[in-house]
1. ³J(HN,Hα) across the stretch 25-38 via Karplus (A = 6.51, B = -1.76, C = 1.60, θ = phi - 60°), whole Hz, x for Gly/Pro?
2. How large is ³J(HN,Hα), in whole Hz, for each residue of the stretch 47-54 in order, when computed from phi with the Karplus curve 6.51 cos²θ - 1.76 cosθ + 1.60 and θ = phi - 60°, using x for Gly and Pro?
3. If amide hydrogens are placed 1.01 Å from N in the peptide plane, which non-local residues have theirs closer than 5 Å to the one on Arg20?
4. Out of the stretch 14-90, which GluC sites (Glu not before Pro) are coil in DSSP terms and have no more than 10 other C-beta atoms within 10 Å?
Amino acid sequence: MVKQKQKPVGEEHGLVDSSRELILFNDETNTFDFVIQTLIDICDHERLQAEQCAYIAHYRGKCAVKSGLIDELKPKFEEMTRRGLTVSID
């Protein structure tokens, strides 16, 4: 008899994975230049990546701009919120 390795409780439902995404939402308030510079400053994006994220958020309504653990994303979320951007952690 071959003994199968058991999955941790919740893994089959995706509950163990603690990776999250920082989502930027489109708004009609902030300029592209401001959003791009904020993504460069806070999320360490290169200019082209920041521009692409800004356009994706503009045309699709939202864009995942960073992924990682909640503890890593929370300070970025708070600073982006402080700067007036609409963001969430999902």
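Every number in this text was worked out from the coordinates using simple rules, so none of it is lab data. All values derive from a computational prediction rather than experimental measurement. Here Cβ is always computed from backbone atoms with ideal geometry, including for glycine, and neighbour counts include all displayed protein chains.
1. Per-residue couplings from phi come out as 9, 5, 9, 9, 9, 8, 7, 4, 4, 5, 5, 4, 5, 5 Hz.
2. My calculation for the stretch 47-54 gives 4, 4, 4, 4, 4, 4, 5, 4 Hz in order.
3. Answer set, sorted by chain and number: Gly68, Leu69, Ile70.
4. Those that pass, being in a loop and sparsely packed, are Glu28, Glu46.
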